[in-house]
Amino acid sequence: MNSWSYKPARDLNLKTRRRWASLDRESGLVSTVMHQIWWLFVRTYLAVWHRLEITGREHLPADAPLVLVANHTSHLDTLAMAAAIPWRLRGRLLPIAAGDVFFTTPVTSAFSAFMLNALPMWRKNCGSHALKQLRERLVGDPCVFILFPEGGRSRDGALMAFKPGLGMIVAGADVPVVPCWLSGCFDAFPPGRKLPRRCRIRVEIGPPLNFAGVSNDRGGWQQITAETEAAVRRLGPGAEAVSESKSEAAD
């Protein structure tokens, strides 16, 4: 018989507002139900209003932990990525959101915590301690992270250079990193626009990467950043043309 042990919730002694914005936040029964209702609404909205199309679902690992990464151009990005997650993993979904955007007021903090189940990443104060917490949460729970390594939304729709934070989370860990490409989110809801247009959105999921054998140091983080950015770019527009051009040059 397996031994049983009692562990109190990590956010047990935190006050309400601090709990919402804590990396240690855990979901109770009420919040879990709210998450499921919210994602059902989002999936329906995306399917009807944006004619959401998802390709490459076969590349998604069957179990957590895993990290989904993609280009970032719109506040619709997280919703589209979450819609690609199968229901069996939806309860483990934890999008990583900008703390200075989604956790600055009681209203936005409550929405981000109770609906999105997002965890904050404070971009101006994102030290190694916070990234270590995310790493422990990802592997220990285990979780499904949605992460945008660019560190912010692109203002022109073009992919920006990835930052090394992803490497600090997954280096040396046996965690699949799944590259994705989002099309249509920028046209539908670019930065500065108040309401989304009715545009088709497409999520393309690529083969997962694994960095279990990569050292957890600066060199390893840079390697992970470069390989993941390249994998995301290969899914983007013009990737086939670039590939054909290189093949012709080689011939």
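The values are calculated or read from the model by the stated rules, or taken from the named source; none is laboratory data. Only a predicted model underlies this, so the values are computations on that prediction, with no experimental measurement involved. A quick note on method: Cβ atoms are made from the backbone with ideal geometry, for glycine too, and the neighbour counts reach across all protein chains shown.
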Residue within the stretch 117-132 that is aromatic (Phe, Trp, Tyr), over 17 Å from residue 173 (Cα atoms) and in contact (Cβ under 8 Å) with a residue 40 or more places away in the chain present: no
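Identify all residues within the stretch 73-129 that are among the hydroxyl-bearing types (Ser, Thr, Tyr), crowded, with 21+ Cβ neighbours inside 10 Å and assigned to a helix (DSSP H, G or I); write none if there are none.
Within the stretch 73-129, 78, 109, 112 meet the criteria.
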Failed item in (1) crowded, with 18+ Cβ neighbours inside 10 Å; (2) more than 29 Å from residue 49 (Cβ to Cβ); (3) touching a Leu at 6+ places or on another chain (Cβ under 9 Å); (4) at pLDDT 95 or above, with residue 165 passing the rest: (4)
Residues satisfying the stated conditions in the stretch 133-169, i.e. more than 13 Å from the chain's Cα centre (by Cα), in contact (Cβ under 8 Å) with a residue 24 or more places away in the chain and in a helix (DSSP H, G or I): 133, 135, 137, 139, 167, 168
Some residue of the stretch 215-228 being in contact with a helix residue (DSSP H, G or I) (Cβ under 9 Å, 6 or more places away or on another chain), closer than 24 Å to residue 83 by Cβ and modelled with pLDDT of 95 or more: yes
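Restricting to the stretch 64-112, name every residue that is of a type in the set (A, V, I, L, M) and either free of Cβ contacts under 8 Å to residues at least 60 places away in the same chain or at positive phi (or both). Even if it seems obvious, please write down each step before you answer.
Residues of the stretch 64-112 that are of a type in the set (A, V, I, L, M), as a first pass: 64, 66-70, 76, 79-85, 89, 93-94, 96-98, 101, 107, 110.
Once the filter is applied, which keeps residues that are of a type in the set (A, V, I, L, M) and either free of Cβ contacts under 8 Å to residues at least 60 places away in the same chain or at positive phi (or both), the stretch 64-112 yields 79, 85, 89, 93, 94, 96, 97, 98, 101, 107.
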